[in-house]
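The next block holds one structure in the form of structure tokens; read it before the comments.
The values are calculated or read from the model by the stated rules, or taken from the named source; none is laboratory data. Note that the structure is a prediction, hence the values are computed from the model and not measured. Note that each Cβ is placed from the backbone with ideal geometry, even for glycine, and that neighbours are counted across all protein chains shown. These accessible areas exclude ligands, DNA and RNA; they are computed on the full protein's heavy atoms, side chains included. Shrake-Rupley method; radii C 1.70, N 1.55, O 1.52, S 1.80 Å.
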Amino acid sequence: TLAQVVDLALKDNNLIGAQDARVEERRLTAAQGRVWSGPTAGILAGRTKQTEASGSRVELSFSQPIPLTGLPGLRGRLLELETDALRVQRAASEVAVTLGVAEGAYDYSVSRRKAAFSATRRKRFELIESYLAGRVFPTPQRKAESRIVSNRVKNLVAEAIQSEAASKAALEKLKVYAPLGDGYPEVEVPWLAGGRTLDGKEWTAAALTQNPDLRLLRLTVEGAGL
């Protein structure tokens, strides 16, 4: 089914896997950004000489930064926004892969249907052609009709070849996304029955809310405010 092909494409996509790793890395960085810096200690030992006197010298130092302006929290929030931006980019890649698979699956299915339809029509015209070939038509009109049928058979053969080539090309595009193996699998795609009217306002509102580019801009604005 189309859903299974999409699952295969998303599962084996190297780009999405790499983006998942980047999201996790940035998430851990954001969590670390909120943590106070740890204490540091130092020791210095040696000898010193002043005028005629000399002796050993030892220095010990200890420091602990104590942020009072909320800088770690702000830094962590900015890193969280970067994490959210990576998640949005990852979701956009997932949508792009899904769209590519869906378009390829429909192209493949439509081309196979066209090829099968052309083959069926060709067989019908070949029967008519064989019937006309066994008879002699002395009139010019009948000869023209026989030639029309013959040309129609040639056109249907050409259409079938073009549809078969298109289905092979569409299948190769699908294999870029998902491992479909050898041969020509039957991919089931849902066809629109026309039973539901699409509401433009509803889809526009959803598109504006979920659009990856707009979501990235919102995160950019929030980060600039911080």
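A few comments on the model shown:
- Looking at segment 158-226, the trypsin sites (Lys or Arg not before Pro) that sit in a DSSP loop and have at most 11 other Cβ atoms within 10 Å of their own Cβ are Arg196.
- Around the Cα centre of the chain, unit charges on the Cβ atoms of Lys, Arg, Asp and Glu (plus for the first two, minus for the last two) sum to a dipole of about 880 debye.
- Once the GluC sites (Glu not before Pro) in DSSP loops with at most 15 neighbouring Cβ atoms within 10 Å are cut out of the chain, the longest remaining piece is 53-185.
- Surface accessible to a 1.4 Å probe, per residue, for the residues of the chain, Å²: 72
- Sequentially through segment 90-105, phi angles give Karplus couplings (6.51, -1.76, 1.60; θ = phi - 60°) of 5, 5, 5, 5, 5, 5, 5, 5, 4, 5, x, 5, 4, 4, x, 5 Hz, Gly and Pro residues having no value and appearing as x.
- Its DSSP H runs of at least 4 residues, each contributing -39,500 (n - 2.57), put the calculated 222 nm mean residue ellipticity of the chain at -24500 deg cm²/dmol, to the nearest 500.
- 10 Å Cβ shell holding at most 11 others, DSSP loop, chymotrypsin sites (Phe, Trp or Tyr not before Pro): longest site-free stretch of the chain: 37-190
- For segment 18-57, with +1 on Lys and Arg beta carbons and -1 on Asp and Glu, the positive-most of Ile43, Val23, Ala53 along the dipole: Ala53
- Accessible surface of the chain [probe 1.4 Å, protein heavy atoms]: carbon and sulfur percent: 58
- Label-to-label distance, Ala158 versus Asn211, with points set 7 angstrom from Cα along the beta-carbon direction: 4.4 nm.
- The chain: angle of helix 200-210 to the longest principal axis, Cα-based, in degrees nearest 10: 30
- Selected from Ala105, Ala18, Ala45 as most flexible by GNM, with the chain as the system and alpha-carbon contacts under 10 Å: Ala45
- The chain: mean projected area of Cα convex hull, nm²: 27.0
- Most mobile of Pro140, Pro72, Pro212 in a GNM of the chain (Cα contacts under 10 Å): Pro140
- GNM result for the chain, Cα springs below 10 Å: residue of Ala206, Ala92, Ala53 fluctuating most strongly: Ala53
- With a 1.4 Å probe rolled over the protein heavy atoms of all chains, the accessible area of Val58, Val110 falls in the order Val58, Val110, largest first.
- Between Ala18 and Arg218, the simple label model (points 7 Å from Cα in the Cβ direction) yields a spacing of 2.8 nm.
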